[in-house]
1. Between R81 and L103, what is 0.36 nm times their sequence separation minus the Cα-Cα distance? Round to one decimal in nm.
2. Once you compute Rg and the Kirkwood Rh from C-alpha atoms, what is the Rg to Rh ratio for the range 114-212?
3. Restricting attention to the alpha-carbon atoms of the range 24-105, what are Rg (one decimal) and Dmax (integer), both in Å?
4. Taking every eigenvalue of the Cα gyration tensor of the range 19-69, multiplying by 5 and rooting it, what semi-axes result, largest first, whole Å?
5. Take the Cβ-Cβ distance between A111 and K165 as r, set R0 to 35 Å, and report the resulting FRET efficiency rounded to the nearest 0.05.
6. If I model a spin label at V210 and V195 as a point 7 Å from the Cα along the Cα→Cβ vector, what separation in nanometres do I get?
7. With contacts defined as alpha carbon pairs under 8 Å and 6 or more residues apart, what's the relative contact order of the range 3-144 in percent?
8. Quick one: pull the percent of accessible area on the range 31-126 belonging to carbon and sulfur, 1.4 Å probe, ligands and nucleic acids left out.
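The values are calculated or read from the model by the stated rules, or taken from the named source; none is laboratory data. Remember, predicted model here, so these are calculated numbers, not experimental data. Positions of Cβ are generated from backbone atoms using ideal geometry, with glycine treated the same way; all protein chains shown enter the neighbour counts. Areas reflect the complete protein model, heavy atoms only, side chains present, ligands, DNA and RNA absent. Shrake-Rupley method; radii C 1.70, N 1.55, O 1.52, S 1.80 Å.
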Amino acid sequence: MRVVALVLGPVVWFAALLVRHLGVETAGFTVAERARFDAEPFAAPEQLAAYARNPELVTAGYALFALAAILLCATVVVFAREIGGRLALAGAALFVASLFARLYFSGIDLAAFELVDRTGLEKATEFVMNAYVDLSYGLWRVPVTASVGSIAGAVVLAVAGWRAKALGVVRCLLLLSFGWVFMGVLKEADLATVVHGGIVAIVLFGWSAVNSEKRAWIIL
């Protein structure tokens, strides 16, 4: 079960980022439309436009992302237990809090997509952009504050892993970079994000899965 927990979450996470990227790339935007979206300060207009043209694939990407957030809770907890100690568990708690925030953001994403279906792309985009800050921060700024836990939790886990000699320099750096990927409402999953966020997760936690399997065979 430890191996499953360490592998399943990162794999679904990678799949979610990839499908979210493909949802935009296959939406058939013209050069002019891409230029207009690139000029926007936020990715929300592009994401909503992609949903309007490609609802099934975009929905699949966002659904997988929500599932990945749930599965990664187990991944992070098991990873912290592999490191051992209270400091690692504290880091895991911070990181899991950020995953809860991602579920909140997923709810806002779904509401925005429903607006596209019910009011049309133009009105939905106008509403979302006018309310974007309030939607992103959430009630009493609880979600946006919790989302910082991915960065803080990654730092604490890296320190715990280094002190316990469970993580080397490379895995500490991978863990720190993983903490920055990614949070917010209707965010873009560009190719760099897919490659970085997906591969880092699989390598970082998969490494622990391989070590866990080796230890299990040694015990047997």
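1. Answer, rounded to one decimal: 5.5 nm.
2. Result: Rg/Rh = 1.13.
3. Over the range 24-105's Cα set, Rg and Dmax evaluate to 17.8, 54 Å.
4. The three semi-axes for the range 19-69 are 20, 12, 8 Å.
5. Working: r = 46 Å, r/R0 = 1.31.
Here the calculated transfer efficiency is 0.15.
6. With each label point 7 Å from Cα toward Cβ, the separation is 2.1 nm.
7. Over the range 3-144, the number comes to 28 percent.
8. Of all accessible area on the range 31-126, carbon and sulfur atoms account for 64 percent.
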